[in-house]
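The values are calculated or read from the model by the stated rules, or taken from the named source; none is laboratory data. What you see is a predicted model; the values in this text were computed from it and never measured. All Cβ positions, glycine included, derive from the backbone under ideal geometry; neighbour counts span all protein chains shown.
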Amino acid sequence: MSESPGRKPSVIKKRFPWGWVILGVLGVAALVAMVAAKGGPVTVSVSSPTVFKAGERNPLVTASGYLVARTRATLSSKVLGRVSWLGVQEGSRVTKGQVLARLESPDLAAARDQVKAQLDQAKVDLDRAVKLQAQGIQDAATVDKLRSQKLTLEAQLAYQDALLESMTLRAPFSGVVTQKLSEVGETVAPGSAGGANAINAVLVMADFDTLEVEVEVNEASIAKLTRGMPAEVRVDALDGQGARSNLKGRLREIYPSSNRQKAVVVVRVAFVEKDPLLVPDMGAKVTFLGDAYAQDVVVLGREQVKKADGKAFVWAVENGQAVQKFVTVLAENPIGLEVGDLAKDAKLIVAPPEALKPGAKVKVKN
């Protein structure tokens, strides 16, 4: 077939491979960056070791727990009734014997008035009979019967007074109302269960003067503790408050029982000094303190101490280089490891890289 005179032959245009050139340039740049980074300094963070001065106490055991009030009560009524008056709110400070609430009692008041009227009449009858007996008109049997009736009515009046008193709720001790569980108009009844789960309870109150810390200590550490030993209490709510963050305490009681599931023993720590902001159920951390150090002691975190060929060492920074400092582990406490042969002002590398080598150039973060 012959070509059509109007159709031109197709021409394949060849273009320059710019895509491959760009990829090559990026690869070379990445390689150069890797080489530069490999020969450049390693960026690290540094910290100084913790130093306990001579005379400071040795921390033995650390445990966490919550603040509880040793004197605490959930108040409920002794009889069935409807709340007619409530004189306190959450946070109200009350004194021992103060009236906190009253229940409706018009029927009991009426019954008491009836017995009182009968007693008054019995007293009048007895006085008249005694006078008639002195005149020889009244016999002794009638006088004795009236006297017995008077004593019976007095006992009934005392019983009615006791019933009326049971309709009044009084504070069993001085403290603070922490919860209000009922309102005016609600019907309450004696609870069959006591404590915080009492049925139809009216109020919950606690004596803040008896606040202490309840912590759970591992069974393996309980042998280190003794009753009356000093402790340092750090309350979470007071963090960042300076000297208020650390409060002095003492170990008041080690409970004579253990939790078999968690293998812990409950320990109560009383406050030697308190803060007005403390309330029940706040979180706290307790450090039990042992004997005082005879000399200054350097303490490191466990993650800072490494081992090589059975020898303990730490990574430090000197003159812009990473240096291995061999140390002697003297003892262990809840904070970390007590070590020797290390300067107190050493600049230790925090979380040193695994590939760090002695003499490697390092750059300290600001």
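Just to be sure before I move on: is Gly240 at pLDDT below 90, over 30 Å from Val79 (Cβ atoms) and either under 21 Å from the mean Cα position of the chain (by Cα) or loosely packed, with under 15 Cβ neighbours inside 10 Å (or both) in the structure I sent?
Yes.
Could you count how many residues in region 157-172 are free of Cβ contacts under 8 Å to residues at least 12 places away in the same chain and of a type outside the set (A, V, I, L, M, F, W, C)?
Here the count works out to 2.
With hydrophobic (A, V, I, L, M, F, W, C), under 37 Å from the mean Cα position of the chain (by Cα) and assigned to a strand (DSSP E or B) as the only criterion, which of Val317, Val299, Val362, Val323 stands out?
Of the residues listed, the single one that is hydrophobic (A, V, I, L, M, F, W, C), under 37 Å from the mean Cα position of the chain (by Cα) and assigned to a strand (DSSP E or B) is Val299.
Is it the case, given these coordinates, that Ile335 is closer than 15 Å to Ser47 by Cβ, β-branched (Val, Ile, Thr) and not in a strand (DSSP E or B)?
Yes: the conditions hold for Ile335.
Residue by residue through region 106-121, note down the ones that are acidic (Asp, Glu) and either touching a His at 6+ places or on another chain (Cβ under 9 Å) or closer than 15 Å to Thr152 by Cα (or both).
Asp120 - this is the single residue of region 106-121 that is acidic (Asp, Glu) and either touching a His at 6+ places or on another chain (Cβ under 9 Å) or closer than 15 Å to Thr152 by Cα (or both).
Search region 328-366 for residues being exposed (fewer than 11 other Cβ atoms within 10 Å of the Cβ) and among the basic types (Lys, Arg), and hand back the single one that is modelled with the lowest pLDDT.
Lys365
Taking Arg93, is it at pLDDT 90 or above and within 30 Å of Asp207 (Cβ to Cβ)?
It is true that Arg93 is at pLDDT 90 or above and within 30 Å of Asp207 (Cβ to Cβ).
Among the residues of region 251-268 satisfying the criterion of being surrounded by fewer than 16 Cβ atoms within 10 Å (Cβ to Cβ) and not charged (D, E, K, R), which is nearest to Lys285 (Cα to Cα)?
Of everything passing the filter in region 251-268, Ile254 is nearest to Lys285 (Cα to Cα).
Filter region 124-155 for residues that are touching a Leu at 6+ places or on another chain (Cβ under 8 Å) and either within 30 Å of Val99 (Cβ to Cβ) or assigned to a loop (DSSP other than H, G, I, E, B) (or both) and give the result.
Within region 124-155, Gln138, Leu153, Glu154 meet the criteria.
Within the group Ala312, Ala284, which residue is closer than 19 Å to Arg70 by Cα and assigned to a strand (DSSP E or B)?
Ala284
Where residues in region 212-225 are out of contact with any Phe, Trp or Tyr (no Cβ under 9 Å at 6 or more places or on another chain) and of a type outside the set (D, E, K, R), which of them is surrounded by the fewest Cβ atoms within 10 Å (Cβ to Cβ)?
Going through the qualifying residues, I end up with Ala223.
I'm checking my understanding of the structure. Among residues of region 94-112 that are among the basic types (Lys, Arg) and surrounded by 13 or more Cβ atoms within 10 Å (Cβ to Cβ), which one is farthest from Val188 (Cα to Cα)?
Restricting to residues being among the basic types (Lys, Arg) and surrounded by 13 or more Cβ atoms within 10 Å (Cβ to Cβ), the top hit is Arg112.
Let's see how each residue does on (1) of a type outside the set (D, E, K, R); (2) touching a Gly at 6+ places or on another chain (Cβ under 6 Å); (3) surrounded by 12 or more Cβ atoms within 10 Å (Cβ to Cβ); (4) outside the structural domain of Gly87 (by TED's automatic domain parsing):
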| site | (1), (2), (3), (4) |
| --- | --- |
| Gln138 | yes, no, yes, no |
| Ala141 | yes, no, no, no |
| Leu153 | yes, no, yes, no |
| Leu163 | yes, no, yes, no |
| Thr168 | yes, no, yes, no |
| Ala189 | yes, no, yes, yes |
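Kindly check whether there is at least one residue in region 337-345 that is more than 36 Å from the chain's Cα centre (by Cα) and basic (Lys, Arg).
Checked against the condition, which is being more than 36 Å from the chain's Cα centre (by Cα) and basic (Lys, Arg), region 337-345 yields no hits at all.
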